[in-house]
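First comes the structure, then the notes that go with it.
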Amino acid sequence: MWSGLQRAMAAVAALFAVSWSMLLVSSGGRLTPAVLAAAVVFTALAATLTVRGALVRLGRHDVWAAAGVSLAMDATFAVERSSPIVVGLRCEPTVATVLLAIGFGPRRLAWPVSLAVIGAQIAASRPMDGPAGAVQGTWPVLAAAVAAAVLGPLLRTAGARADAAQEQALTAGATAARAKAHREAHHRFQDLLHDEVSSALRAVSMPGIAAPRVRQACRSAVDALLRAPAAPGQAADLAALLTGLTAGGGPPLSLEVSGGVLVPAEVAEAALGAAAEAVRNAVRHGEAQTLKVRLRGDEHGFVLSVADDGVGFSPAGVRVSSVGLRRSVLRRMADVAGTAEVHSSPGDGTTVRLAWQRDRARAVGTGEFREAVAETPDRMASIRAAVGDVRRPLAAVCVPYLLATGVVAALHTVRSPRVGWLMVWYVLLAAVTVALLVRARTAISGRAAAAASAFAVSGAVGSFLVIPTSGIADDTSWPIGAVTPLLTVLVIVRPPWEALLTLVLEQAGAVLVLLTGPPFAGSWGESVAKALPALFAPALGVGMGLAIGQTVARLGAVVMRANAERAASVAAESARQAREAMHRRRLADLDEEILSFLRRTASGEFSPEASQTRVRARMLDLAVRDELHLPGALGRSTRELLGAARAEGCVVTIQSDADHPPPPDLLRSLLTCALGTGPTPQDLILSVAPRPDALLVSLVTLPGDPARAAALRRALTGTSAVVEDGAESTWVEVSTRAAGVMAPPAAVPIDGDSAIGAAAAG
């Protein structure tokens, strides 16, 4: 932040050093010893400030040095009343002191020091310029004081603003990452339940499957459940992972892989899971005799295909609500910005094609690019990141300058009515500057900037047609400095070269006018030295604006990149924690019954050939399917209640098209009342259907039972539930909100050319 003020002060000091050096070179012997000594001292001070401002940090010692030199020079000018030093040069020591005091000195002494040197300048100038001229000569100093007073705090507070914005961005990013990771972990666990756990339980419950194969399926399910979710940013070799893919006792499987394929771990996990489900469906439903898995990939992405020679099917007949379709293939690839297609027809086998491209993942913000670091922002975006609304500091700098110049212009117009058109020009110039200020936050077009610059330069250079050449040595040349606010605005909000080009054109025009006429001082060198303060007036504003604008832009760019990088890191960590927490929570819910059963079966403690084991496996498989439809909503006691009802012959049907269930308390209350009151019903049907802003939960038990209906009414008191009872059935319908926010997967068209194919059968 300080580098902007440092460079601005160095630029100002360099201009002062040049102007006073020109005076020393051109004055010959016309300066008195006292004035000559003062000029040498200030030139040396300006040169020192240039070096220190560029290389080291300015501080209070520089303030005291500048204040001492300024006061000494004013004392010299007061004594040497016939000094040839023009007012533009005389005010430069005061300007340097004020800029240093406000920008780099102790805050409590900034304004006392500034007022002291301004008062000294007025006192020293009064004998030469008169009371009005002495006060009028301070307007460049006052403009510099206002600029320093605004820009110093502006840069000091830019860091605080950036820190606050960064914390807000981090909080928002972490919250969004947790929500997204929670959803992804939920999807992953549902996939594990369907693909691994349910398949293993089904293998246990079915007779005729070899015991080693059953135990291997149980071990695979346990390993998959206990495996931690992949962390964002980790890489995995998909080719190496595919080597462990088997047909599980089905037909021979050939694997064709061309070298390693490094992709984000979560992408590899999704592709491997989708391919495994395609293989399972080919074995389970496709009656395939051969299976061929082929992987082709490079640094840009991969294509993974699973082809079989089975009976095939018609993709048009696939139900979009199929669990295998939606959860095992479609959502797996969609979650990582991949695609899944199927090519199949009855009797011709099936080919499932999975693809993932880095460019597409980057475009939609997923996989390893989920929290991509922002590209280098444009200049105005960087400035806004550092200081917010740029119009406020610009107005604080430019408006006082416009008003002060307006006063000077009005005084000269009163004294010289024949130059009244310059006053009209200035009023229009001020209006244009204010208009550009108003537009500074959004955008100023190149045409508007060019037109404003042309108008400013033509008026400033044209003023020499009516102002005597010698007027450039005093404030009669006010039109040259009048363009400073406009150029300051442009150098901040437009590409800097535009304002610099405008400045060069104005300076070149003024120099051309000087060169075409006779010297107004003793020599050409002295004339140039006396003209430099007027010529440097707009250069000071542009130089300060450029140095500070560039610094603020760099600061903003650094802040934005740092925000993006830190936000990516925080979001990734939040996502990791959310995934692991979700996985642990769901795993703990299954650990005591399902996971324990799989472990004991895999170890041989439970024999797959025992009828009790098969019955238990069938019941647990039904519980898993309940969990697939109502994830995380049932709880152990409710699952046991459902298991007991099924054991007594109740046919339980759960239908859910919602990705996230209703509140668990509502479901548990419904099922507890329906199954815990009166005799066990013959049938129980629970359905959950999404609505635009709610979920519609329906419960039907057969036959009807008045006691069950009364218990349901009591449990649902205070809700919008409708409970009806008759001889044939007891029926409940209640509208509620989902227990959490889980966006459904993007729909994928299912036809002969683009579908999820074999996985649909699951």
(Q) Show me, bin by bin at 10 Å from 0, the whole-percent P(r) of the range 1-137 based on Cα pairs. (A) 13, 44, 34, 9, 0
Q) Summing +1 for each Lys or Arg and -1 for each Asp or Glu, what net charge is found among the other residues whose Cβ lies under 12 Å from the Cβ of N281? A) -2
Q | Extended-chain gain in nm, criterion 0.36 nm per residue less alpha-carbon gap, L515 and S596 | A | 19.3 nm
Q) ³J(HN,Hα) across the range 704-715 via Karplus (A = 6.51, B = -1.76, C = 1.60, θ = phi - 60°), whole Hz, x for Gly/Pro? A) x, 7, x, 5, 5, 4, 5, 5, 5, 4, 5, 5
**Q.** Karplus (6.51, -1.76, 1.60) ³J(HN,Hα), θ = phi - 60°, over the range 183-190, in Hz, Gly and Pro reported as x
**A.** 5, 5, 5, 4, 4, 4, 5, 4
Q: Kindly rank 396-407, 596-607, 6-17, 193-204 from highest to lowest mean number of other beta carbons found within 10 Å of each residue.
A: 193-204, 6-17, 396-407, 596-607
Q: Would you be so kind as to identify which of S687, T653, L671 lies farthest towards the positive end of the dipole of the range 649-736, taking Lys and Arg as +1 and Asp and Glu as -1 on Cβ and the Cα centre as origin?
A: L671
Q) Kirkwood hydrodynamic radius (Cα pairs, Å) of the range 649-736? A) 12.9
Q) What FRET efficiency would be calculated for the residue pair E609, T719, taking the C-beta separation as r and a Förster radius of 56 Å, to the nearest 0.05? A) 0.70
Q: With a cut-off of at most 12 other beta carbons within 10 Å, and DSSP calling the residue loop, which trypsin sites (Lys or Arg not before Pro) in the range 18-107 qualify? Please list them.
A: R57, R81
**Q.** Stretchable slack from A123 to D665, in nm (0.36 nm times residue separation minus alpha-carbon distance)
**A.** 186.6 nm
Q. What is the set of long-range amide H partners of G310 at a cut-off below 5 Å, with H atoms built 1.01 Å from backbone N?
A. Q289, G349, T350
Q: Could you compute the FRET efficiency for A211 and A647, with r as their C-beta to C-beta distance and R0 at 25 Å, rounded to 0.05?
A: 0.45
Q. What is the fewest-to-most order of D705, D693, D62 by other Cβ atoms lying within 10 Å of their Cβ?
A. D693, D705, D62
Q: Output ³J(HN,Hα) for the range 342-351: one whole-Hz value per residue in order, computed from phi by the Karplus curve 6.51 cos²θ - 1.76 cosθ + 1.60 with θ = phi - 60°, and x for Gly and Pro.
A: 10, 10, 7, 7, x, x, 10, x, 9, 10
Q.
Along the Cα→Cβ direction, 7 angstrom out, place labels at L115 and Q682. What is the inter-label distance in nm?
A. 10.0
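No value in this document is a laboratory result; all are computed from the given coordinates. Values in this document were obtained by computation on a predicted structure and should not be read as measured data. Every residue, glycine among them, receives a Cβ derived from its backbone with ideal geometry; neighbour counts consider all protein chains shown.
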